[in-house]
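Worksheet: one structure, shown below.
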């Protein structure tokens, strides 16, 4: 291993998402030569460094870090090589670091990114869903209404949708998808790169039933196939449903009901409903 010091700057280092064998030689070399490691949890990163046979000063930097902590790291980068890691995978992908990287670039600090493991890319590559276009949207909201609103908002995006999820919340998310996007193919990828790696596909309702009976553990990637041509109803059908709804409820409620039923944009349907009333 090269033991010469690295040039000052910020080095974004991807770490394994489960299997230590996925740690790249370049990442190990950079961690071995840097002056300081900024990390989410010093216990987690300390364990990784020990497994790699490395001993480095660590500084905690997470979503709760103060402006002062960020300023201190930026000052270090001017004269030292600072490595940024997350607990697992590629930093900044639903992990802290955005403000730090943005401010480092604004100040002329050299920023280098070392590619490596990423759970969302790993899941996409093995699930068998379209990968020519995909939208990664982080975690679905925890509250039922907000979760449904996000699914409705993204339902018309012509791409595979990708979310991170946790075991305790998975079934609720699958049930929300089954309600709003019942005809979409869904994939649940979990324990990626580990001994009990699993990628299960099917409808959201089928997967919700399966995981209700067998509660999952570990971190999860949840994928939803893009809308198919057969999924979008004809304009005449939409107009008929809007007219029927308008006889029973307000314009806003009618638009919301039809939008929810078909996974369509509520604002667009509100405009159509207003035109039909006139």
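Rule-based calculations on the coordinates, nothing more; no lab input. Here the structure is a predicted model, which means the values were calculated and not measured. Virtual Cβ from ideal backbone geometry, glycine too; neighbours counted across all protein chains shown.
Points to keep in mind about this one:
- For the options 54, 84, 31, a Gaussian network treatment of the chain with springs between C-alpha atoms closer than 10 Å singles out 54 as fluctuating the most.
- Between segment 140-189 and segment 1-21, the Cα center-to-center distance that results, in Å: 34
- Proxy reagent accessibility, fewest Cβ within 10 Å first, across 155, 4: 4, 155
- Once C-alpha pairs closer than 8 Å and six or more residues apart are averaged by separation and normalised to the residue number of segment 168-278, the relative contact order reads 24 percent.
- By the compact-protein rule of thumb, 2.2 N^0.38 Å, the alpha-carbon radius of gyration of the chain corresponds to a ratio of 1.23.
- Per residue, the convex hull spanned by the Cα atoms of segment 120-230 amounts to 89 cubic angstrom.
- Build a GNM of the chain with springs between Cα atoms under 10 Å apart, and of 215, 91, 182 the one that fluctuates most is 215.
- Residue 64/residue 205 FRET efficiency (R0 45 Å; Cβ-Cβ; nearest 0.05): 0.75
- Mean sequence separation of contacting Cα pairs (under 8 Å, at least six apart), scaled by the length of the chain, corresponds to a relative contact order of 17 percent.
- Cα centroid of segment 97-111 to Cα centroid of segment 202-278, whole Å: 41
- Most mobile of 249, 126, 58 in a GNM of the chain (Cα contacts under 10 Å): 249
- Mean separation of Cα contacts under 8 Å, 6 or more apart, over the residue count of segment 233-277: relative contact order %: 39
- Gyration tensor (alpha-carbon) shape descriptor, segment 233-277, a/c threshold 1.5: rounded
- Taking other Cβ atoms within 10 Å as a rough exposure proxy, 239, 63 sort from fewest to most as 63, 239.
- Binned Cα-Cα distances of segment 159-278, short to long, each 5 Å bin given as a whole percent: 2, 11, 19, 17, 13, 11, 10, 8, 5, 2, 1, 0, 0
- Where only DSSP H runs of four or more residues are counted, the chain gives -13000 deg cm²/dmol as its mean residue ellipticity at 222 nm, each run worth -39500 (n - 2.57).
- Using a Förster distance of 25 Å, the FRET efficiency for residue 71-residue 4 (Cβ separation, nearest 0.05): 0.30
- Panel order for 34, 39, by other beta carbons found within 10 Å of each beta carbon, from fewest to most: 34, 39.
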